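Okay, here's the structure, questions in a sec.
The values are calculated or read from the model by the stated rules, or taken from the named source; none is laboratory data. Predicted model, so just to flag it, every value in this text is computed and none were measured. Here the Cβ is made from the backbone with ideal geometry for all residues, glycine too, and neighbour counts use every protein chain on show.
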Amino acid sequence: MRKSLRFMSFLALLLAVSAAAEAGQPRHVRLSYPLPDTATSIGIAWNSDSTGDGSVVEYGADEAYGLTRTGTAFQGPGELLAIHEVTLTELIPGYTYHYRVGGPDGWSGDRTFTTAPGDACSALRFVVLGDDRSDDDSGASPRWTRILEEAVASQPLFLLNSGDLVREGKQAKQWRNWLERSGDALAAAAHMPTLGNHDDGPVDGDGAFYNQVFHLPRNTVTNTEDFYWFTAGNAIVVSLSSQTYEDDGMASQAAWLDQVLTDNPRLWKFVFFHHPVYTSSSLLGLLDVSHPPNEVGQNAALTPVFDKHHVDFVFYGHNHFYERFQPMRGNGGDEEGIPVDDPEDGTYYVVSGGGGALTYNIAIGLFCGGAKGSATCSGSHHFVRIEIERNRLRYTARATAQQLLNDNPGNSKDIESFTYEKAYPGGVDPCFTAPPEPGPEPLPEAAQEDAGVPVPDVADAPAVPDVPVAADLPATPDGTASPDVPAADPDRPDVPSPPPDQGSQADAAAIVPDTGSGASNPSSGGCGAAAFGGGPLASCALLLGAALRRRRHAG
């Protein structure tokens, strides 16, 4: 009996020590975009036991970090405990940062995020998925974890979630379960959701649990995070709320959308929300397995704006299957649109509700494809991947390994894939650089003499001065000589020096200032060519010295 009591006391002590060790530890780290400019900013949120645990992000080029930003914390509802939010700004576009979150009482592990490109020419990849709620009161579907992991494995910059993340949005426990089942995936790519009909409550606006869990931009109509916009590269993404603030048939949101798209022109335009504009619905109304189109009366207000600005894709969920329509033009408040042949003349409407909730795989053949313009249907759990490179877009709808009844790698396959090339406005490619005009070919020496062109005598080469070798050059942190990579700017302590292997050539041009030295471009094969390993001046000097030495030896 005494041994049993001692063992129980020892076990209680271990649990207490373990709980004390975990107190203050950051949990459920997640990335988002609280500001529209995703090239120079990002948001990071997490949960802990107390608001006093520390709301600090350390970040930088590597695990040494070097930069620090402090945010805010507030007491979340119920089991969500304390919620911390930090917004990082003045970041380098297209750059990968290491980061960790927390404070003196505990830190997360090291993670990374990448900012969006800051130009119209760099490649961009993102994923769309949604309806990941459970079919019971647990919150997130047990299938959500594997589906999300597979989507993030494709290394998207961000994810768009078409809504219905949990079964009952006014239960804090379900949001905690959703965060737990999301795991570390949300710490690798920004997650940008929209409100589904299961997500709201217990009130609208800042008091809603959805709005407290996520760190999102605010709109200028309601000053809430219910709908918002952001840009990435040459794309603009707008989230609308078809669940809240829709009393006027979404007319106020449509007017706001029109203004946002007018003020922020981008080649590629994407809009997403929860309730379908166009969708196939149940067979003759006898089998209620799907929601109808235009369910909240949004079509009359929204489709004219989509047509006016030629929105490329409109994504939504609500129905638990995949359906893509051929390019469509709006038809006022009608439940069916007008199919067109060319995507230049219409918008792709896509139902993507395969994130984990019970899918309609068995019944899909009974009704899907019945709506005018429906091109492809699938009842599989899935996600949609969008890849943009300049004016070319690659669209892929992919069934995941995790399906309704099993998790098998053989389930993972493309439902469909196609490429769409869009014309530039005015036909002008902003990424095109004209090659230099070729100069006249030099005449051979004999031809020059025949033409009366004097050929200068070759004098003896002057003495070659000593050229510094790599060991004499300033060293980078990894010990390699690199005189042309600048040190951190003391006037900009928030901008770290990029490692030599970071970023694209366009990124490097934005990070390394032009010294005006006249050195040739690294890609041109001149003295500044990257193949020579050092800076432009060192490379030119080494080449010149070698050439002159060869000439003396040859003479």
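What do you reckon, is TYR322 at pLDDT below 95, in contact with a His (Cβ under 6 Å, 6 or more places away or on another chain) and not β-branched (Val, Ile, Thr)? Quick ask: steps written out before the conclusion?
Numbers: at pLDDT below 95: no; in contact with a His (Cβ under 6 Å, 6 or more places away or on another chain): yes; not β-branched (Val, Ile, Thr): yes.
Spelling it out, it is not the case that TYR322 is at pLDDT below 95, in contact with a His (Cβ under 6 Å, 6 or more places away or on another chain) and not β-branched (Val, Ile, Thr).
Within region 204-246, can you find the residues that are touching a strand residue (DSSP E or B) at 6+ places or on another chain (Cβ under 6 Å), assigned to a strand (DSSP E or B) and among the polar types (S, T, N, Q)?
SER239
For the subset of region 391-416 comprising residues that are surrounded by fewer than 20 Cβ atoms within 10 Å (Cβ to Cβ) and among the charged types (D, E, K, R), which member is nearest to ARG266 (Cα to Cα)?
ARG392
When the residues of region 264-293 are narrowed to those that are more than 23 Å from LEU165 (Cβ to Cβ) and modelled with pLDDT of 95 or more, which ends up surrounded by the most Cβ atoms within 10 Å (Cβ to Cβ)?
So the residue we want is TYR278.
Inside region 360-398, can you point out the residues that are more than 25 Å from GLU149 (Cα to Cα), small (Gly, Ala, Ser) and outside any strand (DSSP E or B)?
Within region 360-398, ALA363, GLY365, GLY369, GLY370, ALA371, GLY373 meet the criteria.
Taking ALA254 and the conditions (1) within 17 Å of GLY337 (Cβ to Cβ); (2) more than 30 Å from the chain's Cα centre (by Cα), which numbered condition does it fall short on, given that it satisfies the others?
The number of the failed condition is (2).
State which residue is surrounded by the most Cβ atoms within 10 Å (Cβ to Cβ) when the search covers only region 301-349 and only residues that are touching a Lys or Arg at 6+ places or on another chain (Cβ under 8 Å), charged (D, E, K, R) and under 26 Å from LEU267 (Cβ atoms).
Only one residue fits best here, namely ASP312.
If I ask for residues that are touching a helix residue (DSSP H, G or I) at 6+ places or on another chain (Cβ under 8 Å), among the charged types (D, E, K, R) and not in a helix (DSSP H, G or I), which ones from region 134-164 would you list?
Result: ASP137, single match.
Every residue in region 350-365 that is surrounded by fewer than 16 Cβ atoms within 10 Å (Cβ to Cβ) and of a type outside the set (Val, Ile, Thr), please. Steps first, please.
First pass over region 350-365, keeping only residues surrounded by fewer than 16 Cβ atoms within 10 Å (Cβ to Cβ): 358, 362, 365.
Correct list: LEU358, GLY365.
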